[in-house]
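Below is one structure; the comments refer to it alone.
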Amino acid sequence: MKLLVLGASGGCGRWLVQLAAKRGHQVTALVRPTTSFVAPPGVTVRHGQVLDPNTIEAAVAGQDMVLSCLGLRRAGPSPWARLLSPPDLMTKVARTLIAMMHRQGVERLIVVSAGGVGESAAQLSRPVRWLVGSGRIGIAYRDLENMEQELATSGLDWLAVRPVTLIDGHPTGGAHPVAHYSLFSKVRRADVAEWMLSQAESPGPFEPRTVLLGT
């Protein structure tokens with residue numbers, strides 16, 4: 001398949017590009033102009049801004065599917081660290097993607113969201129619910145929820161992956177849909193990428209549209 005990966009320089013994105021290329025897919029990685037990104041052999045790298053419709057349309061053209069590992073960037077790991085991205089980045093990117101994918105006839109989209117977004121908030125423990133409702137994380141979650149609402153009315157075949165707490169490490173193949181998100185829930189970024197790729201390789205339509213993912 002011809003796959004476009006947005007956020008290819010991030011934790012999940014790097015693994016997704018690497019795993020997809022290893023499986024023989026034709027991968028295009030879109031990264032910011034200032035990002036230093038060394039792609040695996042055979043991967044096409046495009047530099048551009050994800051909020052620029054012309055950049056997105058050119059990257060989407062000719063693809064079979066788009067996979068987005070984008071997210072709001074913060075100045076540090078603290079939930080209260082200042083935002084480096086616009087607070088509505090994901091919502092704006094979704095709108096641009098939807099429009100450009102329709103223009104180019106590309107129908108399938110998988111995005112990284114977060115555990116606790118939308119109705120999955122009911123699956124959070126009390127401490128985690130307090131954490132995601134506080135500080136900058138709360139801003140990011142509202143943006144992701146708005147992104148999912150845009151996708152729900154888009155007419156695309158889409159899937160939002162809601163991982164629990166992300167950690168580093170090589171893929172284990174252990175990621176799967178889970179029913180709850182506790183204070184100690186975790187999933188490797190590599191496993192999220194691997195699970196996303198397995199969904200991309202399966203025939204559509206995606207159902208359900210949102211999945212809480214853990215190990």
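Quick notes on this one:
- Rounded to the nearest 10 Å², the accessible area of residue 32 at probe 1.4 Å: 90
- Environment charge at residue 155 (Cβ cut-off 14 Å; Lys +1, Arg +1, Asp -1, Glu -1): +1
- Surface exposure of the chain, expressed per residue as accessible area with a 1.4 Å probe, stands at 47 Å².
- Nearest 10 degrees, 0 to 90: helix 11-22 Cα axis against the chain principal axis: 40
- A full extension of the chain between residue 125 and residue 149 corresponds to an added length of 6.3 nm, given 0.36 nm per residue minus the alpha carbon distance.
- In this view, the solvent-accessible surface of residue 56, computed with a 1.4 Å probe and all protein chains in place, comes to about 0 Å².
- Backbone amide hydrogens, once placed in the peptide plane, bring residue 213 within less than 5 Å of 162, 164, 178, excluding anything fewer than 5 places away on its chain.
- Rounded FRET efficiency, nearest 0.05, which uses the C-beta distance separating residue 82 from residue 198 and R0 of 41 Å: 0.70
- Estimated vicinal HN-Hα couplings, Hz - region 94-104 in sequence order (Karplus 6.51, -1.76, 1.60; Gly, Pro = x): 4, 4, 5, 4, 4, 5, 6, 5, 5, 4, 9
- Cα-based shape type of region 143-215, given that a ≥ b ≥ c are square roots of the gyration tensor eigenvalues and the cut on a/c is 1.5: oblate
The values are calculated or read from the model by the stated rules, or taken from the named source; none is laboratory data. If you're wondering where the values come from, they're calculated on a predicted model, not measured in any experiment. Note: ideal-geometry Cβ built from the backbone for every residue, glycine included; neighbour counts use all protein chains shown. Note: areas computed on protein heavy atoms with side chains; ligands, DNA, RNA excluded. Shrake-Rupley method; radii C 1.70, N 1.55, O 1.52, S 1.80 Å.
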